[in-house]
Amino acid sequence: MASPALSNNYQTEIVAYTPEYTAYKKYFEDTPLNNNDCSLLWAKNKNTFLYNNLNSNLDNYFNISSEIDLTNQESFEATPLPLYYSNNFSLLNSAFNEEYNKYSHYISVSKEIAKEKFSETASLLSELPFENASVELTKSNSLKYSLLFANDKLLLVTKPLSPIEELYDNEIVFSFFVNRELLLSNAATTSNFVEGFKEFLSM
Amino acid sequence: MQQQPQTLWKDLKNFFLCKYLRCTGKLSYPHSILPKPKYKSIINIDDLQSHQELVVLRRSSKSKEESFNSIGNLRSDIIDEKEIAGLSMNLMGTFLKEEHIVFSPKMRTKAVERWPGLVKVYLSEFKSLYNILSTVSPIYYRVSDLHNITIPYKKQYDTEIEKVLKKLKLKFDTDNLEFKANGQIQIEHAPTYLNYWHVELCLLDFNTNPVRKIKNQFHTSLASYVLSDILSVNGHSSLKEPVKPIHSCFYKLNNRA
C-alpha cells in the first residue's frame with residue numbers, strides 16, 4: 001500500500017529509501033516532495049530494503065518501493081551499508097521492544113512516537129560496528145543507547161523523546177568512554193556524529 | 001580520662017538497652033558503623049585517595065538483574081536525576097560491609113543529620129529511625145572514577161581529545177551555552193549520626209560553589225545526561241579485588257601511621 005502523501009508526480013524522483021528513512025517518515029506524510037528533499041544516501045544493493053525485514057511496522061512504507069522508478073539510481077552516489085547493519089538494527093530493535101514492554105510507564109509519549117524516535121536514531125547507530133548494545137527508556141523521557149565496541153570502547157547516546165530547550169530535534173547527547181574513562185561528551189547532529197565516529201573507529 | 005557519672009549512667013543504660021533490644025529482635029542496626037568520639041569529624045578524601053585506591057558502595061533498591069543492563073552498565077533509572085547532587089554512598093575499607101546496605105536510615109530524622117564530631121551516639125535512641133530493606137543490591141564505584149572529575153563541557157584539550165574531535169568534525173565550543181558550565185564532581189565525607197562512613201557526591205559549578213539542583217545551576221539537561229552516563233558506566237555489581245583496608249590514622253583523632 002502506498003503512502004497517500006506520495007503522489008504519482010513524485011514517485012519517479014525518489015530513488016531509494018535509506019537508513020535515514022524514519023527521520024523523513026513524517027515529512028513524507030505531511031509534505032510534497034522534491035528532489036532536494038530526497039537527497040539521501042542509499043544502499044548500493046537497491047533491491048534490498050533492509051527495513052522490510054527488520055520492522056514489520058514499516059512494511060506499508062516499503063511497499064512503495066514497488067511503485068518507485070529505480071532506473072535513475074546509478075546517477076546518485078552510493079554508500080553501501082555495512083554487512084553487520086541488519087544484525088545491529090535487529091539487536092537494538094529487540095532491546096527497545098523488551099524495554100518498552102517493561103518500562104513504558106517511564107515515558108510520556110505514545111508508543112508510536114517512541115518507536116519513531118527510536119528508529120530515527122537506531123537506523124543511524126546501526127552503521128557503527130558495535131559488539132553489544134542495550135536500549136533504555138529513562139525517567140527523564142528519553143532513550144539511552146549503550147553501545148560496546150572492541151577494546152573496551154563504550155558509547156552512550158541519549159535521545160530525548162520530546163523537545164528540550166538545549167537540543168535541536170536532530171541532535172543527540174553522547175558520552176564516549178575508553179576503558180570506562182570518559183574521554184568526550186557533547187551534543188551533536190546524529191548523522192554527522194555517526195559519520196565522524198565511524199571514521200574515528202577505523203583509525 | 002575519668003567519665004562523669006551522668007555519662008557513665010547513659011553509657012550503661014544504652015549498653016543494656018541495646019542488649020535487650022537485640023535479644024528481642026527489635027534492634028539489628030550495626031553498632032560498628034556508628035561515629036565514635038575518637039573519630040575525626042571529617043575524613044579528607046583527597047589525602048586518603050592519594051594514599052590508596054578507595055571504593056564506595058551504594059544501594060540499589062532493585063535486584064542485580066534489574067539494576068544493570070545487558071552490557072553490565074548501571075541502568076539509568078536506578079539513580080534518579082534529582083538524587084545525583086548529594087548522592088549518598090558509603091566508604092568501604094573499614095567497618096562498613098556490603099551486608100550493611102539493607103539498613104536505611106529514615107529521611108528527615110536525626111538519623112540522617114550530619115554528625116558534628118566528638119559526640120557519642122547512643123544507638124538505643126535511634127531504634128525506630130531506620131528501615132530494613134528486603135530487596136537491595138550493591139553498586140560499587142572506585143573513588144578515582146568519581147572524585148575530582150571535571151564535567152566535560154569545558155574539558156581541557158589534550159592530544160587524544162583533539163584527535164577525536166578532529167575526526168568527529170566537532171568544534172568543542174566553550175562559549176556554547178549548552179556546555180558553558182565548568183563543573184566538577186567530588187566525593188566528600190559526610191558522616192551522619194547513624195553512619196560514620198557516609199559520603200556524598202558533590203557537584204561544583206565553575207566558581208566551585210556546590211550545585212544542589214543540576215537543572216537550576218547548570219541551566220541544562222545535558223549536564224544531567226552526562227552525569228548519569230558517568231554513574232552508569234562506572235557502577236559495578238561486584239568487586240574484582242578486595243577493598244584495601246583504610247589505616248586508622250585517616251579517621252581516628254591523634255592516631256599516627
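Please treat every number below as a calculation from the coordinates, not as lab data. Every value quoted in this text rests on a predicted model; they were computed, and no experiment measured them. Cβ atoms come from the backbone with ideal geometry, glycine included; neighbour counts cover every protein chain shown.
Details
- When residues of the range B:12-39 are limited to those that are in contact (Cβ under 8 Å) with a residue 12 or more places away in the chain and part of a helix (DSSP H, G or I), the one nearest to B:L91 (Cα to Cα): B:I33
- Whichever residue in the range A:104-127 is in a loop (DSSP other than H, G, I, E, B) and hydrophobic (A, V, I, L, M, F, W, C) and, among such residues, is nearest to the other protein chains (Cβ to nearest Cβ): A:I107
- Test result for A:E195, facing chain B (nearest Cβ under 9 Å) and out of contact with any Phe, Trp or Tyr (no Cβ under 8 Å at 6 or more places or on another chain): yes
- Each residue in the range A:161-176 was checked for being in contact with an Asp or Glu (Cβ under 9 Å, 6 or more places away or on another chain), within 10 Å of chain B (Cβ to nearest Cβ) and either surrounded by fewer than 20 Cβ atoms within 10 Å (Cβ to Cβ) or of a type outside the set (G, A, S) (or both), and 4 of them qualify.
- A residue that is more than 16 Å from B:S237 (Cβ to Cβ) and touching a residue at least 12 places away in the same chain (Cβ under 8 Å) occurs somewhere in the range B:67-83.
- Subset of the range B:113-143 (residues that are part of a helix (DSSP H, G or I) and within 13 Å of the chain's Cα centre (by Cα)): B:V143
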